[in-house]
Amino acid sequence: MIQLVRNYMEDILDLILPNVLNDCNGICKCSQCVEDIKAIALNNLQPHYVVTEKGMVYTKVNELVVQFRADVIKEAVRAIDIVSMNPRHVIE
Ligand SMILES: [Zn+2]
């Protein structure tokens with residue numbers, strides 16, 4: 001059995017970020033900007049590491065979403081502000 005260390009915050013952010021992005025008009029949603037937003041938000045969030053079996057469904061994610069939702073949204077919004085003011089994508 002392969003055990004993996006995962007940061008649950010990353011899963012929670014992946015679940016919540018699309019909704020936050022949907023609510024933001026006029027911001028770039030290219031993959032470069034979205035990845036930058038994720039990185040900044042994750043750096044500012046307290047990580048929540050768990051050991052899980054590879055391929056296992058993260059049954060606890062939904063519970064943790066409830067617990068950390070407000071923090072994750074706050075950091076996602078802040079990261080969106082930072083990235084939209086200074087995007088790193090190449091403008092063609
Ligand atoms: Zn972009």
Once every DSSP H run of n ≥ 4 in the chain is given -39500 (n - 2.57) and the sum is divided by its residues, what mean residue ellipticity at 222 nm do you get, rounded to the nearest 500 deg cm²/dmol?
-20500 deg cm²/dmol
Can you pull a Stokes-Einstein diffusion coefficient for the chain at 25 °C (0.890 mPa s), Rh from Kirkwood over Cα pairs, as a whole number of µm²/s?
175
To the nearest 20 debye, segment 12-92 has a Cα-centred charge dipole, built from +1 on Lys and Arg Cβ and -1 on Asp and Glu Cβ, of 80
Loop sites in segment 1-38: trypsin sites (Lys or Arg not before Pro), DSSP, at most 15 other Cβ within 10 Å:
Lys29
With springs only between Cα atoms under 10 Å, which of Val51, Val61, Val34 fluctuates most in a Gaussian network model of the chain?
Val51
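Values quoted throughout were computed directly from the atomic coordinates according to the rules given, and no laboratory measurement underlies them. Because the structure is predicted, anything quoted here is derived from the model rather than measured. Neighbour counts are summed over all protein chains in view; Cβ atoms, including those assigned to glycine, are modelled from backbone coordinates with ideal geometry.
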